[in-house]
Amino acid sequence: MNNKQKENILFIAWAVSVIAMFGSLYFSEIKNFEPCTLCWYQRIVMYPFTILLGIATIKKDFHITLYTMILSGIGTLLSAYHYSIQKIPFLADSANACGRIPCTGQYINWGGFITIPFLALTAFIIIFICSFMIWKNSKEVN
């Protein structure tokens, strides 16, 4: 993989983080969907990607990928858990109440499976895969 391909993949990861950030802001600020506690945790992990990956894209810094893999892995786990308590009845019944807005609530349910945590999960997975591709290639070259 040459540097131009790595730059493009890094840009894709950054673009995904920007879309995820603006998507979450759209749901909360325009649609007035109040985020639950787990949504806030996912935002805390996602929002820094817009800055970190943006700077890395401009500077062509491929060493950031180790850190973005770790952070996106944490975000993936958070989103997967959140999605699971929304969609798996056994987990939903045993889920603790987490603040004013229940984490099991589903503001959207497109196609019977696409919820806000699913969208976040997809973004975290894409960022992880992009980061892993660059990281793996950079390790092979060194």
task = Check I64 against each of (1) buried (at least 17 other Cβ atoms within 10 Å of the Cβ); (2) farther than 16 Å from W40 by Cβ; (3) more than 17 Å from the chain's Cα centre (by Cα) and name the one condition it does not meet.
result = (3)
ask   = Using beta carbons and a limit of 9 Å, which pairs, at least six apart or on different chains, have the first residue in the range 80-109 and under 27 Å from L25 (Cβ atoms) and the second one surrounded by fewer than 14 Cβ atoms within 10 Å (Cβ to Cβ) and among the basic types (K, R)?
value = Y107/K31; I108/K31
Residue ranges of helices (runs of 4 or more DSSP H) in the range 33-142 with at least 1 members out of contact with any strand residue (DSSP E or B) (no Cβ under 6 Å at 6 or more places or on another chain) and closer than 19 Å to F22 by Cα = 37-59, 65-87, 116-141
query = Out of (1) hydrophobic (A, V, I, L, M, F, W, C); (2) at pLDDT 95 or above; (3) more than 18 Å from I129 (Cα to Cα), the odd one out for M46 is which?
reply = (3)
inquiry  = So for the range 20-31 (the condition being of a type in the set (D, E) and modelled with pLDDT of 95 or more), does at least one residue qualify?
reply    = yes
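Take F118 and decide whether it is surrounded by fewer than 18 Cβ atoms within 10 Å (Cβ to Cβ), within 26 Å of K31 (Cβ to Cβ) and out of contact with any His (no Cβ under 8 Å at 6 or more places or on another chain). Talk me through it step by step, then tell me what you get.
Values: surrounded by fewer than 18 Cβ atoms within 10 Å (Cβ to Cβ): no; within 26 Å of K31 (Cβ to Cβ): yes; out of contact with any His (no Cβ under 8 Å at 6 or more places or on another chain): yes.
No, not satisfied.
The values are calculated or read from the model by the stated rules, or taken from the named source; none is laboratory data. Fair warning: this is a prediction, and the values are worked out from it, not measured in the lab. No Cβ is skipped: glycine too gets one built from the backbone with ideal geometry, and neighbour counts run over all protein chains shown.
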